[in-house]
1. If only one of V128, V114 is of a type outside the set (G, A, S), more than 16 Å from S31 (Cα to Cα) and surrounded by 17 or more Cβ atoms within 10 Å (Cβ to Cβ), which one is it?
2. Mind counting the residues in the stretch 4-44 that are more than 23 Å from C113 (Cβ to Cβ), surrounded by fewer than 12 Cβ atoms within 10 Å (Cβ to Cβ) and either of a type outside the set (V, I, T) or at pLDDT 95 or above (or both)?
3. I'd like the residue in the stretch 92-111 that is in a strand (DSSP E or B) and in contact (Cβ under 8 Å) with a residue 40 or more places away in the chain and, out of all such residues, is surrounded by the most Cβ atoms within 10 Å (Cβ to Cβ).
Amino acid sequence: MKFLAFCAALAATVLFLPASAQADRIVARVSIATQTMHVYRDGQLLYEWPVSTARQGRITPTGEWNAQWLSRHHRSSRYNNAPMPYSIFYSGHYAIHGTDQISRLGRPASAGCVRLHPDNARVLFSMVQDEGLANMRVVVVAN
């Protein structure tokens, strides 16, 4: 009987989790220290990709955000119209996006955004399109 009561309580807890806990179908976890992104879908690690975050003198903010908007063919209004294909904006002007500076991936090189190989950016962008902005969380950590 105690086991059944425990199962019922556990089921009720899962059903009434905050929306944000249920909505994180896609999580992109970026490590500034290792210059890598791990992409999870429904808690399962799908991809590990090299990234470039902020170079010296610039900042990639740490924290957690939901994706805010997508821009397939974005160009930077701040940096000489630089191409930012498959942009996923998550905090103001900060985004995860493809880069044409592929040789710099794996080390700090950006003005603050998280740069990916364009093929990887396309995959992530497509996942977010399929699942919806509200179902994607970006986590950026220093370590």
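1. Checking each option against the conditions leaves just V128.
2. 19
3. First, pick out the residues of the stretch 92-111 that are in a strand (DSSP E or B): 94-98, 110.
Then keep just the ones that are in contact (Cβ under 8 Å) with a residue 40 or more places away in the chain; that gives 96, 110.
Values: I96: 27, S110: 20.
Looking at residues that are in a strand (DSSP E or B) and in contact (Cβ under 8 Å) with a residue 40 or more places away in the chain, I get I96.
Matching residues to (1) at positive phi; (2) touching a residue at least 40 places away in the same chain (Cβ under 8 Å); (3) in a loop (DSSP other than H, G, I, E, B); (4) of a type in the set (V, I, T):
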| site | (1), (2), (3), (4) |
| --- | --- |
| V30 | no, yes, no, yes |
| L45 | no, no, no, no |
| W49 | no, yes, no, no |
| I59 | no, yes, yes, yes |
| E64 | no, yes, no, no |
| R72 | no, yes, no, no |
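The values are calculated or read from the model by the stated rules, or taken from the named source; none is laboratory data. Fair warning: this is a prediction, and the values are worked out from it, not measured in the lab. Ideal geometry is used to build each Cβ from the backbone, glycine not excepted, and the neighbour counts take in all protein chains shown.
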